[in-house]
Structures are given as structure tokens and as C-alpha cells.
Amino acid sequence: MKWLCVYCGSRSGNPDHQEAAREIGKGLVARGWGLVYGGASIGLMGDVADAVLAAGGPVIGVLPRSLRDREIAHRGLPDLRITDSMHERKALMVSLSDAFVALPGGWGTLDELCEVVTWRQLFLHQKPCGLLNTSGFFDGFLAHLDRMQVDGFSRFDYRAELSISNHPLDLLDRLIRTMQAN
Ligand code: AMP
């Protein structure tokens, strides 16, 4: 069993983002994967988890004690792990997972994505990372990454290192191909 870590908003964004989150959930179960995520019931986080549970897939939620009430822990999770800090949460999510994707989200999602890609860049792990660019949500971010590269601040070609797609199922298949090639 492989585990996909999904980073995404604790808010819903708009219906396109919600639909994409559900497709990621259904699609990963269809490919025999389990979900690792932030353990909340709200926003896109809740949409992904509900889609995986509805399809009969396994889910591990990881929530820091300090956020247990504020983020409204998902009550339907068979496996909810509570950590003492946000740092432990992020480290546990990385160690449990075989690959990572970021869906649209806010500061927390960006923080998690940037950390996991930074760790990969530093060879702290070699697991595939991807970005779901639903409705071009990350276009501005990708333009910034281009600028980072042109100005010489990035040590790798992110387009070669990251799987990026506008379509949930295409993104999952790209990640699988990357894992098979590794
Ligand atoms: P957001 O994208 O801001 O809606 O948050 C998505 C997830 O990231 C939520 O589970 C938040 O708890 C988490 N998060 C928010 N801020 C941070 C942070 N500074 N570092 C790590 N995770 C965060």
C-alpha cells in the first residue's frame, strides 16, 4: 500500500476546487493508495478525506493538539494521530507518505508544499512531489518559481522535479510514473 500526502486548504475556495479535491480522493483509492492529510473536516481537507472514505479507502489524519478544536477534527477517521506541535505534525506526515501533492489552499498549504520540496532539494527525502493547478490557481506561483530560477536562486529545474497538472487523475498518474522511474 502506498500513501499519498495531500496538502490543501482548510477553506473550500470555490466549487471547481472542491470537485478537484473529490476527484483526487476517488482517484487515489482507485489506484490502491491511502490518504495522509491534516485530519480536519473543513474546507478542501474535508472534501478529500470524505471522498476517500466514501470510496472505501484508508485515511490517516495528523493534527496538532493546538489545532484540534480550531480546525474541527474529522470525526469519521479510523486513524487520527494527534501531535504535540505543528513541526511534529509535518514531520510525521512526511515520514508516513510515499508522495506529496498540494491542492489549492492558503498560507498553510504553501508552507507545507515549500517545506516538502525544500527537503527534497536538500536530499532529506527523494519522494515525488506534485502540484494540482486547478483552474490555473498556481499560475502566479509558477511564474514566481520561473523568476527564482532565471535569477539563479533555485538549484534545480522545478518543472523537471515537480509533477504539475491541471487535472487530478493526470496528476496522480504522473506521480505514479515518477515513482516507478525512481
Ligand atoms: P491553509 O492552506 O492555510 O488553509 O491551511 C491548510 C493546512 O495547513 C491546515 O491544516 C493548517 O493547520 C496548516 N497550516 C496553517 N498554517 C501553517 C503553518 N504556518 N505551518 C504549517 N502548517 C500550517
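The values are calculated or read from the model by the stated rules, or taken from the named source; none is laboratory data. What you are looking at is a predicted structure, and each value in this text was computed from that prediction instead of being measured. A quick note on method: Cβ atoms are made from the backbone with ideal geometry, for glycine too, and the neighbour counts reach across all protein chains shown. With ligands, DNA and RNA removed, areas are computed over all heavy atoms of the protein, side chains included. Shrake-Rupley method; radii C 1.70, N 1.55, O 1.52, S 1.80 Å.
On full extension, the segment bounded by ASP84 and SER154 gains 21.9 nm, given 0.36 nm per residue less the C-alpha separation.
Per residue, the accessible area of segment 1-110 comes to 44 Å², computed with a 1.4 Å probe over protein heavy atoms only.
Just name one of ALA73, SER95, LEU131: the one whose Cα is farthest towards the positive end of the charge dipole of segment 64-150 (beta-carbon charges, Lys/Arg +1, Asp/Glu -1). Of ALA73, SER95, LEU131, it is ALA73. Placing pseudo-labels 7 Å out from each Cα toward the beta carbon at ALA55 and MET179 gives an inter-label distance of 1.3 nm. Distance between the 7 Å Cα→Cβ label points at GLN126 and ARG31: 2.0 nm. Taking the chain as a Gaussian network, Cα atoms linked when under 10 Å apart, which of LEU122, LEU142, LEU63 shows the biggest mean-square fluctuation? Among LEU122, LEU142, LEU63, the largest GNM mean-square fluctuation belongs to LEU122. Here is how the number arises for the chain: DSSP H runs of 4 or more residues each give -39500 (n - 2.57), the sum is divided by the residue count, and the result at 222 nm is -14500 deg cm²/dmol. About its Cα centre, the dipole of segment 36-182 is roughly 240 debye, where the only charges are +1 on Lys and Arg Cβ and -1 on Asp and Glu Cβ.
Between SER163 and CYS129, GLY130, LEU131, the built amide H atoms are under 5 Å apart, and every one of these is 5 or more places off in sequence or on another chain.
Remark: the LEU142-ASP16 segment gains 43.4 nm on full extension, using 0.36 nm per residue and subtracting the alpha carbon distance. Between segment 86-104 and segment 148-164, the C-alpha centres lie 21 angstrom from each other.
Taking the C-alpha atoms only, the angle from helix 43-54 to the longest principal axis of the chain is near 60 degrees.
Taking the C-alpha atoms only, the angle from helix 107-121 to the longest principal axis of the chain is near 60 degrees. The Rg/Rh ratio for segment 2-175 is 0.95, where Rg is the radius of gyration of the alpha carbons and Rh is the Kirkwood radius. Have a look at ILE72, ILE164, ILE60 and tell me which one the Gaussian network model of the chain (Cα, springs below 10 Å) gives the largest fluctuation. Of the options given, ILE72 has the highest mean-square fluctuation. For segment 40-81, the average shadow cast by the Cα convex hull is 2.6 nm², which is a quarter of the hull's surface.
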